[in-house]
Structures are given as structure tokens and as C-alpha cells.
Amino acid sequence: MAKMAGVRKLQPNLRVQPMVIDPFAINELDYYLVSHFHSDHIDINTAAAIVNNPKLNHVKFVGPYECGEIWKNGVCQKSA
């Protein structure tokens, strides 16, 4: 909505509720499914916990293009 209105956000969309599941405790997962592009659906901290967990290096991302870019680029990648 902000893009459509021609404005920019002055602050991030901060989580106001505690996480139901600790993303660092996830050790079994096949797919990370995101329904739409909102920061509460593609949480960078959760994505980082999954991407950086060696037990989850097989996880496939499913979701909109914008969320895929966050998945690929918004999480620090290990240098080769």
C-alpha cells in the first residue's frame, strides 16, 4: 500500500507478538511456504535461522517472487 500511495515507511513492521515457535529449534522441514509479501510472513530472522541451519540445507522455498528475493538476498550468505 505504501508503494501505491507514493510514500516510504519510516520504521520497519516490528513483531508485536512473541513467536509461537522458536525458529532456531526447527530441525525438520521440507518447504518454507509464504503466502504473500508482508514482513510478518517472510520474517528475515526466521529465514536466517532456516538458511543457516545445516540440518535444513535441503529446504525449498515456495512463494511470491519478492519473498524469494528476500530469501536469497536478505539473509547473509556464507562466502564460498
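Table for the structure above
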quantity: Simple label model, 7 Å out from Cα along Cβ direction - Ala48 to Ser35, nm; calculated: 2.6 nm
quantity: Distance histogram in 5 Å bins (all Cα pairs of region 23-76, percent per bin); calculated: 4, 22, 35, 26, 11, 1
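Each reported figure results from applying straightforward, stated rules to the coordinates on display, with no laboratory input. Please read all numbers here as calculations on a predicted model, not as lab measurements. We place every Cβ from the backbone using ideal geometry, glycine too, and count neighbours over all the protein chains shown.
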